[in-house]
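One structure is given here, and the rest of the page talks about it.
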Amino acid sequence: MTALPDPIPERLEQRLRNCRELPSFPAVAARLVEMAREPDVEMGALARMLAQDPALAAKLLRVAASPLYASKRRVENLRQALTILGLNATLNLSLGFSLGGSLKSSIAGSPALMRSWRRSVMSAVTARALGEAMGLPRTEELMLSALLQDIGCLALAVVLGQDYLALLEEPLEPGERMLRERELAGADHKAVGAWLARQWRFPEHHVWAIARSGDSAPSAAYDACVALSGPLADLWTDALGPRRRAALAAEIERRLALPARHFHEIEASVGQAVPDIQALFEVTLLDPAALEALQSEAEELRQLRLLIDLEQAMRLKREAEALRDHARDMEERANHDPLTGLPNRAHFFTLLQSEFQAATDNAWPLSLAFVDLDDFKGVNDRFGHLAGDQVLSRFATALRANLRASDVVARFGGEEFLILLPGTDDRAATTLLARLVETMARTPMAEIDGEVVRVTASIGLAFHGPAHRHASAEALVDAADRAVLEAKSLGRNRLVRAAPPPDPPPAPAPRA
């Protein structure tokens, strides 16, 4: 067992040890403490032990069915409640309820101690809310540590009497009160509370959370949640609390890295939990008007946050859509010719490879046409390159308009185009492309200075199918290229079909 950072003076320790008025836990609570220290606790043993205290069992049934745990199951018995809460939550909640029950007689008749106890209970609520906002596990342990953090006030009140009660009545800042406590008793209530928790044999993480709950320096998230729970509780239990809201939100952001914009989520969680916690601990934390104001403000802030989140979500959606549009635009530019809008050579060959493989695997027909405008250099020389670009663009549009939706037209380069006709045999392709040659020859491609510009095209057609098997997609393109050269040599403005590929050589006979 390690020494605490602020050990209490020996004289004060002796007074505490010899004081018979300090609260002691009932037998059930003492056994709970022992169970909390055991590494392997059975749920059945815990249920049997809790059943010995009907009041405590009733509170566990109530908390399991409350909005704190939002269970959709109906809770009818203690075992069901323990199943919903879990072992750790049951132990820590039971300890907290037992502590509250044992302190009733000690704080009765002292308004100052009652205020301190209300702050402790409210701190338990806010510690849980902080833990939930941080996504920390076992928020019930946070509740218990926060509930215990001011237990030293009761111990000091018992051994110092009216002198300490008078100090509690003074409207002091927490740091100033702790300084006065050290002057009066030689130790502040945090150090005394940690000592007392250790005497009660509470697990060490509770002891240290109490000892550090007065610190403002950065610490682990668990201890920081406990340390911040008290000032956060003061927002509603202390008349000066609301003035500190902005500073506290900044402190929470500094120590927990929890953005200030989430502060209202903590308030909403507190507002939701307070009614049940008041009933479970049998203490009034907030008067009805203050509770209604807290819940109303939290709801307004929640709605505002929803609007902000919605706006942010819409903005992110717009940005994502803009990025998708930009990506599609970039892909479109990468895959398409900027002048004609047709697929470019690289993209076409990707499509061709896929169609060629499918035709080969399934014995489907596939036709490919190589199109070359006739004497296009003459158009550029006579009318200029801008006019030539206009002719190319119009020619590409006319190609697409005179082909089927399933056909793919691409710009190969310059004045050359490729046409892929999936599922089309040589006879159907020949009919379609022969008609295309005639149509393109009589289609106006531009009007420059009152003169209508027309062009003709030579087309080479190659076919791939069961009876005309090319070795590769590149071989199919090469066959169509040779056919268009032949069409040029025969006088242009015509269709020429490529010769069937030669039969592949026979496979070598297997060796004997």
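Here is a yes/no grid of residues against (1) modelled with pLDDT of 70 or more; (2) hydroxyl-bearing (Ser, Thr, Tyr); (3) surrounded by fewer than 15 Cβ atoms within 10 Å (Cβ to Cβ):
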site: Gln303; (1), (2), (3): no, no, yes
site: Ile308; (1), (2), (3): no, no, yes
site: Glu311; (1), (2), (3): yes, no, yes
site: Arg315; (1), (2), (3): yes, no, yes
site: Arg324; (1), (2), (3): yes, no, yes
site: Glu332; (1), (2), (3): yes, no, yes
site: Thr340; (1), (2), (3): yes, yes, no
site: Ala346; (1), (2), (3): yes, no, yes
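Could you tell me whether the stretch 178-193 includes any residue that is assigned by TED's automatic domain parsing to the domain that holds Arg118, at positive phi, touching a Leu at 6+ places or on another chain (Cβ under 7 Å) and small (Gly, Ala, Ser)? Write out each step before concluding.
Residues of the stretch 178-193 that are assigned by TED's automatic domain parsing to the domain that holds Arg118, as a first pass: 178-193.
Right, trim to at positive phi and you get 186.
Adding the requirement that they be touching a Leu at 6+ places or on another chain (Cβ under 7 Å) leaves 186.
Restricting the remaining residues to those that are small (Gly, Ala, Ser) gives 186.
The answer is yes, given that some residue of the stretch 178-193 is assigned by TED's automatic domain parsing to the domain that holds Arg118, at positive phi, touching a Leu at 6+ places or on another chain (Cβ under 7 Å) and small (Gly, Ala, Ser).
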task: Could you give me the residue pairs with C-beta distances under 9 Å whose first residue belongs to the stretch 231-246 and is over 16 Å from Thr126 (Cα atoms) and at pLDDT 75 or above, whose second residue is surrounded by 11 or more Cβ atoms within 10 Å (Cβ to Cβ) and among the small types (Gly, Ala, Ser) wherever it lies, and which are 6+ apart or on separate chains?
output: Ala246/Ala260
statement: Filtering the stretch 393-442 for residues that are farther than 19 Å from Lys377 by Cα and part of a loop (DSSP other than H, G, I, E, B) leaves a count of 9
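Which residues, taken from the stretch 193-228, are of a type in the set (Lys, Arg) and without any contact (Cβ under 8 Å) to a residue 40 or more places away in the chain? Please lay out each step first, then the result.
Filtering the stretch 193-228 down to residues of a type in the set (Lys, Arg) leaves 198, 201, 212.
Hits for the stretch 193-228: nothing passes.
Got a sec? Which of Ser123, Ser145 is closer than 21 Å to Ile8 by Cβ and buried (at least 24 other Cβ atoms within 10 Å of the Cβ)? Don't jump to the end; show me each part of the working.
Details: Ser123 fails: closer than 21 Å to Ile8 by Cβ.
Within the list Ser123, Ser145, the selection yields Ser145.
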field: Subset of the stretch 160-175 that is at pLDDT 85 or above and surrounded by 14 or more Cβ atoms within 10 Å (Cβ to Cβ) - its residue that is nearest to Arg17 (Cα to Cα)
entry: Leu160
query: What number of residues within the stretch 309-368 satisfy the criterion of being part of a helix (DSSP H, G or I), of a type in the set (A, V, I, L, M) and over 40 Å from the mean Cα position of the chain (by Cα)?
result: 3
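Within the stretch 182-194, track down each residue that is more than 41 Å from the chain's Cα centre (by Cα), in a helix (DSSP H, G or I) and buried (at least 24 other Cβ atoms within 10 Å of the Cβ). First the steps, then the outcome.
Residues of the stretch 182-194 more than 41 Å from the chain's Cα centre (by Cα): 182-189, 192.
Cutting the leftovers down to in a helix (DSSP H, G or I) gives us 182-185, 189, 192.
Within the stretch 182-194, Ala185, His189, Val192 qualify.
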- line: Per the list (1) within 29 Å of Asp361 (Cα to Cα); (2) in contact with a strand residue (DSSP E or B) (Cβ under 8 Å, 6 or more places away or on another chain), residue check on Asn493 breaks on (1)
- request: Considering only the stretch 455-486, state which residues are touching a residue at least 24 places away in the same chain (Cβ under 8 Å) and basic (Lys, Arg).
  value: Arg469
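The values are calculated or read from the model by the stated rules, or taken from the named source; none is laboratory data. Model, not experiment: these values are computed from the prediction. Counting neighbours? That spans all protein chains shown, and the Cβs are built from the backbone with ideal geometry, glycine included.
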